[in-house]
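> Handing you a structure now.
The values are calculated or read from the model by the stated rules, or taken from the named source; none is laboratory data. These figures come from a predicted structure and were not determined experimentally. Ideal geometry is used to build each Cβ from the backbone, glycine not excepted, and the neighbour counts take in all protein chains shown.
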Amino acid sequence: MTPVRAFVITVSDRSAAGEREDRGGPLAVSLLDAAGIATAGTAVVPDGADAVAQALRDALDSGARLIVTTGGTGVGPRDRTPEGTERVVTRQLPGIAEELRRVGLADTPMSLLSRGIAGVIEPEGALVVNLPGSTRAVTSGIPVIVSVAAHVLDQVRGGDHS
């Protein structure tokens, strides 16, 4: 099986403008690294579907096949990460997003407000997962992603169902 190369995208107007430190993105990188998944790159982009869709395409162009976003999944006026992600994914994997919300409930009932999605991008064979912007969501979400990422990527490339 090919090693997974990850890319982490933080979606935040304030972090992109340098007004707030990005804590979720570096935490995601650290947790992925601890799980043995190398991060090919990171980006901080402003909220909005256009910025997210472009950042996802750029991450794909870098060779990443696991792309984790953090931020922009809520109900705020500029929270459009799921909409930008929907422009790029070819098939959604709702079970991943459902599990992320379920495990997030251990920390906060606000987990139910996440509109984050997960899906694959074909023909590149990539997995994209939206996480909320909180460090708690990143901490609880990365293990869920890690538990299925290699299998999803193997399957999307035509691997056996074993």
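> Considering only residues of segment 1-23 that are in a loop (DSSP other than H, G, I, E, B) and modelled with pLDDT under 95, which is nearest to Gln54 (Cα to Cα)?
Within segment 1-23, the first condition is being in a loop (DSSP other than H, G, I, E, B), and the residues that meet it are 1-4, 12, 17-23.
Within this subset, residues satisfying the condition of being modelled with pLDDT under 95 are 1-4.
Details: Met1: 28, Thr2: 25, Pro3: 24, Val4: 21 Å.
My answer is Val4.
Yes or no, residue by residue, for (1) closer than 21 Å to Thr135 by Cβ; (2) exposed (fewer than 15 other Cβ atoms within 10 Å of the Cβ):
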site	(1), (2)
Leu56	no, no
Gly63	no, yes
Pro77	no, yes
Pro82	yes, no
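> Next question. Please go through (1) farther than 25 Å from Pro46 by Cα; (2) touching a Gly at 6+ places or on another chain (Cβ under 7 Å); (3) of a type in the set (A, V, I, L, M, F, W, C) for Val128 and return the number of the only condition it doesn't satisfy.
It fails just one condition, (1).
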